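Below is the structure I would like to discuss, written out as structure tokens.
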Amino acid sequence: MRKGSSEVAQPQGGRSSSSDVDAFLRKVAQAPGAATGGAKGRLIFAMDATASRQPSWDKACHIQGEMFRETSALGGLEIQLVFYRGFGECKASSWIANSNELLRRMTSVSCYAGHTQIGKVLKRAIDETRKKKVGALVFVGDAVEEDIDHLGHLAGELGVLGVPCFMFHEGFDPIAANAFQQIARLSGGAYCSFDASSAKQLRDLLAAVAVYAAGGRRALADYSRKAGGSVLQLTHQVK
């Protein structure tokens, strides 16, 4: 049964406005837990792989290389791919430091119908960071079919551990929006909605979070100046 279905304002025109993006990036800049000192950043990249997600999964396969490309000069990035689909299936890869290997793993995944399993994703992030520090969790999805109080508890644990959750919401389902916003808030992360036509925006935002995880706030400010567009305004906000 879905809980927490309070109404959430939807961006006009069916996509994120520039102010929504700016607010998201400002939250990224303020988040705790980024890697510093030349160590490889560690980022959990989690996606809903249920049936409705296939187009977005294919899109993410094409843009994931940007995360590695933008962090190579910062000491690099290790990513763990986590996805759920079908009847209770939730899988996690080993830690990957190579864009080609991540692409190989992602393109081998097919999306199957099933319920959301976000709680398992959050629990995975808790377990991983207790072994070795995780800089951030990125989640991309469009629905929530779980107890929001349980998800909030897990998000709060991640907040205590210093692992911010950056929740990318495709579409404008108000139940999912409310849940994703709660998870972001309780973990110290950020929420941003996007639509199926905003591939460049998603690419830039994913890269921004990866840069943050690998190099911290200063690296994120440098990236925002280079990226321009919706990311450029972050420079003054970080200052």
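Since every read-out is calculated from the coordinates, none of them should be taken as a lab result. None of the values given here were measured: they were computed from a predicted structure. Don't worry about glycine lacking a Cβ; one is built from the backbone with ideal geometry, like all the others, and counts go over all protein chains shown.
For the stretch 159-171, in order, what is each residue's ³J(HN,Hα) by Karplus, 6.51 cos²θ - 1.76 cosθ + 1.60 with θ = phi - 60°, in whole Hz (x at glycine and Pro)?
Result, rounded to whole Hz: x, 4, 7, x, 10, x, 9, 9, 9, 9, 10, 8, x.
If the viscosity is 1.306 mPa s and the temperature 10 °C, what Stokes-Einstein diffusion coefficient in µm²/s follows for the stretch 119-162 when Rh is the Kirkwood radius over Cα pairs?
144 µm²/s
For the pairs LYS91/LYS132; LYS59/LYS120; LYS40/LYS131, flag any whose C-alpha to C-alpha distance is greater than 21 Å.
LYS59/LYS120
Further, regarding this structure: What is the order of ASP127, ASP204, fewest Cβ neighbours within 10 Å to most?
Taking fewest neighbouring Cβ atoms as first place, the list is ASP127, ASP204.
Here's something else I'd like to know. Under the rule of at least 5 residues apart or a separate chain, name every residue whose amide H is placed under 5 Å from the amide H of ALA190.
CYS165, PHE166, MET167
Along the stretch 87-104, what does the Karplus equation 6.51 cos²θ - 1.76 cosθ + 1.60 (θ = phi - 60°) give for ³J(HN,Hα), rounded to whole Hz, x for Gly and Pro?
Using θ = phi - 60°, the values come out as 8, x, 8, 9, 10, 9, 7, 6, 6, 10, 10, 9, 4, 5, 5, 5, 4, 4 Hz.
Would you mind computing, in nm to one decimal, how far apart the modelled labels at CYS61 and HIS150 are, each placed 7 Å from Cα along Cα→Cβ?
The answer from the label model is 3.1 nm.
Okay, next question. Taking θ as phi - 60°, what are the ³J(HN,Hα) couplings along the stretch 213-218 by the Karplus curve (6.51, -1.76, 1.60), each to the nearest whole Hz, with x for Gly and Pro?
Residue by residue, the stretch 213-218 yields 4, 8, x, x, 5, 5 Hz.
Considering amide H positions built from the backbone, and no H for Pro or chain starts, which residues 5 or more places from GLN80, or on another chain, come under 5 Å of its amide H?
LEU43, ILE44, PHE45, ILE96
Scan around HIS115 for amide H atoms under 5 Å from its own, H built in the peptide plane at 1.01 Å from N, and keep only partners 5 or more places away or cross-chain.
GLY88
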